[in-house]
Amino acid sequence: MVTLLTVPNGFQARVVAARLGAAGVVAQVRGGDGPYPVGDVNVEVPEVELDLARQLLLADEVEAVFDAEARGGRPAGDGPPRWRTVVPWIVAGAAVVAQAVAVAARAL
């Protein structure tokens, strides 16, 4: 068995292993178990099936991108556009600065 990929938790590893198993690729999950399941988890496959497993996962990623574009959206996990998270902070910061300048001007 060789490591196909390493993921941050056991759930993701089991989902990948199940996806590979559905395509007939035997996959094994190692790590992340025990009373304190922390740390990276490896998904391992037989060496002879490594290329096939990589191709399956790549095909899934490409398909997800096309599905998202067909829906007019972005791929899952990308989160909101950056400007939507930054602009409110800039506006709030500008308001605080304007208030501080006004208070300083009155003090003079």
Within the stretch 89-103, is even one residue at pLDDT 75 or above, polar (S, T, N, Q), part of a helix (DSSP H, G or I) and assigned by TED's automatic domain parsing to the domain that holds Gln12?
no
Residues located in the stretch 30-56, provided they are modelled with pLDDT of 85 or more and touching an Asp or Glu at 6+ places or on another chain (Cβ under 8 Å)
Arg30
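The values are calculated or read from the model by the stated rules, or taken from the named source; none is laboratory data. Since we're looking at a predicted model, the values are computed, not measured. Every residue, glycine as well, gets a Cβ built from its backbone with ideal geometry; the counts of neighbours run over all protein chains shown.
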